[in-house]
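Inspection log for the structure reproduced underneath, given as structure tokens.
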Amino acid sequence: MTTKATIDTTTDTTADVTTAATAEVVRTEPAPEQACPIAPVVDIVFSRWTTPILWALHEYGRQRFVELERRIATISPKVLTQRLRQLERDGLVTRTYHPEVPPRVEYEISELGRSLAPLFATLAQWSAGNLPKVEQARRDYDGRQ
């Protein structure tokens, strides 16, 4: 992002002359992914429904839409469809269509999606050890308010 600024005019009081002294100052702000290199990954992987979908596919393997919908009980069919399409587009989920009667569609985590397993394992370990501390910090903070 580029920000432009103009320097104001100056007035010479001895000759009663106004001089337009303008200069362009260009300041370039880094793109969000440059300011925080993991921001794009966080946007892809840690949206509200992406994490539970990837977790379910990793833990339980290949599943049909209805199976995923049952495992993630609070997700609407519309949102599940949108997230699965986005995950397929991002290469994290593979969709397999079986031309049967009735048609059958299955979803599974891709190799790229599986490569996130160590990250999820680390986060699970961190949450097990630190969520109680976060909850205590919240209680302490709320008690001071």
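For the residues LEU54, LEU68, LEU87, the requirement of being closer than 22 Å to SER115 by Cβ, open to solvent by less than 40 Å² (accessible area, probe 1.4 Å), assigned to a helix (DSSP H, G or I) and touching a residue at least 40 places away in the same chain (Cβ under 8 Å) singles out LEU54. Only one of these is open to solvent by 100 Å² or more (accessible area, probe 1.4 Å), modelled with pLDDT under 95 and under 30 Å from TYR107 (Cα atoms): ARG27, ARG48, ARG62. Name it. Of the residues listed, the single one that is open to solvent by 100 Å² or more (accessible area, probe 1.4 Å), modelled with pLDDT under 95 and under 30 Å from TYR107 (Cα atoms) is ARG48. A count restricted to the stretch 122-138 and to residues that are surrounded by 10 or more Cβ atoms within 10 Å (Cβ to Cβ) and of a type in the set (Lys, Arg) stands at 1. When only residues in the stretch 101-110 that are within 19 Å of LEU68 (Cα to Cα) and outside any strand (DSSP E or B) count, which is least open to solvent (accessible area, probe 1.4 Å)? Looking at the filtered set, the residue picked out is SER110.
Applying the criterion of being aliphatic (A, V, I, L, M) and under 16 Å from ARG85 (Cα atoms) to the residues of the stretch 31-45, the residue that is least open to solvent (accessible area, probe 1.4 Å) is VAL45.
The values are calculated or read from the model by the stated rules, or taken from the named source; none is laboratory data. In this text the structure is predicted, and so the values were computed from the model without any measurement. So basically every Cβ, Gly included, is an ideal-geometry build from the backbone, and we count neighbours across all protein chains shown. These accessible areas exclude ligands, DNA and RNA; they are computed on the full protein's heavy atoms, side chains included. Shrake-Rupley method; radii C 1.70, N 1.55, O 1.52, S 1.80 Å.
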